[in-house]
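The structure under discussion appears below in the form of structure tokens.
The values are calculated or read from the model by the stated rules, or taken from the named source; none is laboratory data. Bear in mind the structure is a predicted one, so any value in this text is a computation, not a measurement. Every residue, glycine as well, gets a Cβ built from its backbone with ideal geometry; the counts of neighbours run over all protein chains shown. Surface accessibility is based on the protein's heavy atoms, side chains included, excluding ligands, DNA and RNA. Shrake-Rupley method; radii C 1.70, N 1.55, O 1.52, S 1.80 Å.
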Amino acid sequence: MNFDIETLPSVRIAYVRQVGPYGSDNNQGMQRLKEWAKEENLLTESAVLFGISQDNPETTPPEQCRYDACIVIPQDYQMNNIISESELPSGDYAIFKLKHTAEDIQKAWNQIFPAIQSGGYHMDNKPMIERYKGHMILDDYCEICVPVKTDIN
């Protein structure tokens, strides 16, 4: 499986948190975020959305797993109390571009970790991210961004 290494910059984000088992319920949080972003004129062709799984489902009970649906917002944007705000820190990520279907995503998860290891990288201790850029949303593509480092120290 092919991937690129990219240093993602630190960005300001607005987000909606969904708590519970990962899966189709994550769409509810993303839809709520998109509705808010559209009302705020933030959901444009150049918008960047993230889906961030905050917990490892192998070590966290499903009912406690946190999923954040996020959109990058300008530094000078005045937030309201409807949506939460945070900052996504910068870091190096292995970027895997794929069709945004359940089948393709499941297949990718089975291939990502061996691909990273064979590329000489190790996972960094940060959440994995699904990234959706404006044009990718329309074409049903997404990117899975896996935090990496080149050594294990």
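Okay, here's what the table says:
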{"read-out": "Which label in [x] 25, 21, 13; [y] 25, 17, 16; [z] 34, 17, 15 gives the computed semi-axes √(5λ) of the Cα gyration tensor in Å", "value": "[y]"}
{"read-out": "Tensor-based shape of the stretch 60-103 (alpha-carbon gyration tensor, a/c under 1.5 rounded, otherwise prolate or oblate)", "value": "oblate"}
{"read-out": "Quarter of Cα convex hull surface for the stretch 24-106, i.e. mean projection, nm²", "value": "7.2 nm²"}
{"read-out": "From phi via Karplus (6.51, -1.76, 1.60), per-residue ³J(HN,Hα) for the stretch 11-16 in Hz, x at Gly/Pro", "value": "9, 7, 10, 9, 8, 10"}
{"read-out": "For the stretch 1-55, size of Cβ-based charge dipole, Lys and Arg +1, Asp and Glu -1, in debye", "value": "160 debye"}
{"read-out": "Entries of Lys34/Lys99; Lys38/Lys107; Lys38/Lys149; Lys34/Lys107 with Cα pairs more than 25 Å apart", "value": "Lys38/Lys107; Lys38/Lys149; Lys34/Lys107"}
{"read-out": "Sequence ranges 109-116, 9-16, ranked by mean other-Cβ count within 10 angstrom, highest first", "value": "9-16, 109-116"}
{"read-out": "For the chain, accessible area per residue (1.4 Å probe, heavy atoms of protein chains only), Å²", "value": "59 Å²"}
{"read-out": "Residue-level accessible surface for Glu103, protein heavy atoms, 1.4 Å, Å²", "value": "150 Å²"}
{"read-out": "Highest-first arrangement of 52-60, 123-131, where packing means the average Cβ count within 10 Å", "value": "123-131, 52-60"}
{"read-out": "Length-normalised contact order of the stretch 1-143 in % [C-alpha pairs under 8 Å, at least 6 apart]", "value": "36 percent"}
{"read-out": "The stretch 32-153, accessible surface, carbon-and-sulfur percent (1.4 angstrom probe)", "value": "46 percent"}
{"read-out": "Max mean-square fluctuation residue, GNM over the chain, Cα-Cα springs under 10 Å, options Gly29, Gly120, Gly91", "value": "Gly120"}
